[in-house]
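Read-outs: derived from the displayed coordinates by stated rules, not from any lab. Predicted model, so just to flag it, every value in this text is computed and none were measured. Cβ coordinates were reconstructed from backbone atoms using ideal geometry, including for glycine residues, and neighbour counts include every protein chain displayed.
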Amino acid sequence: MATASKQKTVARSPKQERSRTSLRRLMETATAILEEEGYADFTLQDLSKRAKVSIGSIYHLFENKQQLVREVQVQFLEQIEREHALVINAIRREGLPLRRLVPLAIRDYSEFLRKNAGMLRVFMQIAPTDPVVASNGKKYYHQSVRDFELLILDRRAEIRHPDPEHAVTACYTVMYAAVGRYLGLGTTPDAKGEGDWDTLIGDLGLMILHFLLGNPDDVRDAKS
């Protein structure tokens with residue numbers, strides 16, 4: 001999986017091991033607070049207290065809260081890109097036919113999103129007012145679309161849709177919209193958790209599989 005470049009934001013990279021350890025603890029604590037409380041309630045004072053890092057040390061590394069949160073996003077996206085690559089490669093090694101590949105890919109990718117939904121929600125909430133966060137998020141999204149496309153297109157010969165690339169992209173869009181709505185990743189957070197998760201994922205797998213195995217012209221001909 002190719003890694004999309006993201007803007008690094010740490011103002012000063014510490015050289016001493018003790019300082020690097022403090023930075024790691026700072027970033028891990030910042031990630032935990034953001035996931036627990038969201039961006040609006042996140043303060044550098046609370047971070048300083050919980051991470052046991054002085055406020056002066058924080059400002060030595062970062063100009064402000066925004067810059068620190070941008071770096072949290074960069075590290076988070078690099079982590080989930082690595083995890084996503086493992087998910088994709090594990091599925092690919094199975095060498096499954098399309099009928100088995102699609103439901104498995106839908107389920108594993110949806111579970112991957114559910115695992116990381118907390119932090120994804122945070123950055124989606126920030127993105128409308130922070131162009132750097134928005135740009136990094138879009139790069140990750142487009143890369144994840146491409147990884148999914150390449151995985152399913154390994155079974156191009158089994159796809160009956162006349163435009164396999166378009167069909168697979170459409171499948172990802174539908175999957176992400178449905179799963180994202182359930183996880184509260186879109187513009188309708190009130191819809192979060194509606195319905196049964198396992199039923200949703202099972203239905204998505206079947207619908208997407210039928211779309212790839214069928215030819216839309218057959219449906220259009222039946223209506224004429």
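Taking neighbour Cβ counts within 10 Å as the exposure measure, how do E83, E35 sort from fewest upward?
Fewest-to-most Cβ neighbours within 10 Å comes out as E83, E35.
K115 to D196: extension gain in nm, 0.36 nm per residue of separation minus the Cα-Cα distance?
Taking 0.36 nm per residue and subtracting the Cα distance, the gain is 27.5 nm.
Quick check: net charge around I201, other residues with Cβ under 12 Å of its Cβ, Lys/Arg +1 and Asp/Glu -1?
Combined, the nearby Lys, Arg, Asp and Glu give -3.
What is the gain in length, in nm to one decimal, between L206 and R146 on full extension, counting 0.36 nm per residue of separation less the C-alpha to C-alpha distance?
Additional length available on full extension: 19.5 nm.
Residue separation times 0.36 nm, minus the C-alpha to C-alpha distance between E63 and A134: what's the value?
Values: separation 71, 0.36 × 71 = 25.56 nm, distance 1.96 nm.
Contour length minus the Cα-Cα distance gives 23.6 nm.
Quick one: if you stick a label point 7 Å off each Cα along the C-beta vector at R93 and I55, how many nm between them?
5.0 nm
What FRET efficiency do you get for E165 and E78 if R0 is 22 Å and r is their Cβ-Cβ distance, rounded to the nearest 0.05? Please report the intermediate quantities before stating the final value.
Values: r = 28 Å, r/R0 = 1.27.
Efficiency, from the Cβ-Cβ distance: 0.20.
Using the Cα atoms as the points, what is the convex hull volume per residue of the chain in Å³? Please report the intermediate quantities before stating the final value.
Details: hull volume 32.6 nm³, N = 224.
Convex hull volume per residue, Cα atoms: 146 Å³.
From the helices alone, meaning DSSP H stretches of at least four residues, give me the mean residue ellipticity at 222 nm for the chain, per-run term -39500 (n - 2.57), in deg cm²/dmol to the nearest 500.
-24000 deg cm²/dmol
Size of the dipole of the chain about the Cα centre, Lys and Arg at +1 and Asp and Glu at -1 on the beta carbon, nothing else charged, in debye to 20?
Working: 32 positive and 30 negative charges, 199 e Å.
With Lys and Arg at +1 and Asp and Glu at -1, about 960 debye.
Once Lys and Arg get +1 and Asp and Glu get -1 on their Cβ, which of A170, V122, V132 lies farthest toward the positive end of the dipole of the stretch 78-173?
A170
Which whole-Hz couplings ³J(HN,Hα) result when phi for each residue of the stretch 194-204 is put into the Karplus expression 6.51 cos²θ - 1.76 cosθ + 1.60, θ = phi - 60°, listed in order with x for Gly and Pro?
So the J values, rounded to whole Hz, are 5, x, 9, 4, 5, 5, 4, 5, x, 5, 4.
Considering Cα pairs under 8 angstrom that are at least six residues apart, work out the relative contact order of the stretch 80-224 and quote it in whole percent.
Relative CO of the stretch 80-224 lands at 31 percent.
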